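The values are calculated or read from the model by the stated rules, or taken from the named source; none is laboratory data. Keep in mind that what you see is a predicted model, and the values were worked out from it rather than measured. No Cβ is skipped: glycine too gets one built from the backbone with ideal geometry, and neighbour counts run over all protein chains shown. SASA here: full protein model, heavy atoms, side chains in, ligands and nucleic acids out. Shrake-Rupley method; radii C 1.70, N 1.55, O 1.52, S 1.80 Å.
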Amino acid sequence: MKDFENKVALVTGGSRGIGRAISLELARRGATVVLSYAGNEAAATETVKLITDAGGKAKAVRFDVADSAACNQAIDEVVKEFGRLDVLVNNAGVAIDGLLMRFKDEDWQKTIDTNLKGAFALTRAVSRPMMKQRGGAIVNVSSIVGEMGNGGQSAYAASKAGLIGLTKAVARELSSRSIRVNAVTPGFITTDMTASLTPEQKEKMLTAIPLSRIGNAEEVAAAVAFLASDSASYITGEVLKVNGGMYM
C-alpha cells in the first residue's frame, strides 16, 4: 500500500524507538521521510539506510526542537527542498523522572521545552505552508501518562497532557484549511525507556494491561500512519489510545 506516494513527512526524534518505527512505516507506504535527531548521528544514519535499502526515500536533519528558530529553519528547508510538507509527526521527547519535592527547575524546563514547546514551534512553523497548499496532517505523540498521570513524572505528564490540549486547539484553528491535527497516546511500549525496567516492574505493569503484554513501536507507528493518511480524512482533534486497554 503506497498511500503516501508523492507526500513528504517530517518525523521529529525519528532515528530511534517509536520515531524510527514511524519513519520506516511512512517510508514503506511511499512517503519521502525527513527524520530529525538531536545528537545520535549514528542512529539517524542507520535509520536512513534502513529506509533507502528497502527502496524508500529519506534524509536525516539535526536540530533541537526546543529551539524555535531551529524549528522555523527546518520547516523552511524541507519545503524549499521538496516543494511541500504533507505530514508532521511531533515525536521528539525526553523523560526526566523525579519526585516533585526534589525536582529541579532546569529539568522541568527542559522537559516542557522539548516535549511541548517543540511541538508548538514546529506546528506553528508548518501551518503556513500547509495552509498555502490547503491540506496536511499533524500527529502529536503524547502518552498514556498525560491522560492518567504517574507518580514521579510530574513534568513528563504535564508536557504530554499539554500536547493533548495543543492538539485539540490547533485542530479547531486549522480545520478550515483542511489541515487535520490528531494525537496518539502510547501506553507501555518496548523502547529504550522501558528497557531499564526490572522483571518485577514489568510483571507488575502487565497486571494493569488487559491485553497482558507490552506493546511494540510498530503498533504505535501503524496508528500514527492511519491518522496521517487519507483513510482518516474525517478525523481531527482525536486522541487515539495505543495502550492495550490500560487506560480506557
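Set side by side, the residues 130, 148 differ, and just one is open to solvent by less than 20 Å² (accessible area, probe 1.4 Å) and over 16 Å from the mean Cα position of the chain (by Cα), which is 130.
Of the candidates 44, 9, 58, the single residue that is part of a strand (DSSP E or B), free of Cβ contacts under 8 Å to residues at least 40 places away in the same chain, in contact with a Ser or Thr (Cβ under 8 Å, 6 or more places away or on another chain) and open to solvent by less than 70 Å² (accessible area, probe 1.4 Å) is 58.
Which one is surrounded by the most Cβ atoms within 10 Å (Cβ to Cβ) among residues in segment 185-202 that are touching a Phe, Trp or Tyr at 6+ places or on another chain (Cβ under 9 Å) and outside any loop (DSSP other than H, G, I, E, B)?
To start, the set of residues in segment 185-202 that are touching a Phe, Trp or Tyr at 6+ places or on another chain (Cβ under 9 Å) comprises 185, 187, 194, 197, 202.
Still in the list and also outside any loop (DSSP other than H, G, I, E, B): 185, 194, 202.
Values: 185: 25, 194: 15, 202: 12.
This residue is 185.
Taking the conditions (1) surrounded by 13 or more Cβ atoms within 10 Å (Cβ to Cβ); (2) at positive phi in turn, residue 158 satisfies each one other than (2). Would you say residue 167 is under 22 Å from residue 247 (Cβ atoms) and under 20 Å from the mean Cα position of the chain (by Cα)? Considered against the rule, which asks whether it is under 22 Å from residue 247 (Cβ atoms) and under 20 Å from the mean Cα position of the chain (by Cα), residue 167 comes out as yes. Here residue 1 meets each of (1) open to solvent by less than 40 Å² (accessible area, probe 1.4 Å); (2) not in a helix (DSSP H, G or I) with one exception, condition (1).
Of the residues making up segment 69-111, those that are closer than 30 Å to residue 132 by Cα, open to solvent by 30 Å² or more (accessible area, probe 1.4 Å) and not basic (Lys, Arg) are 69, 72, 73, 76, 77, 79, 81, 82, 83, 93.
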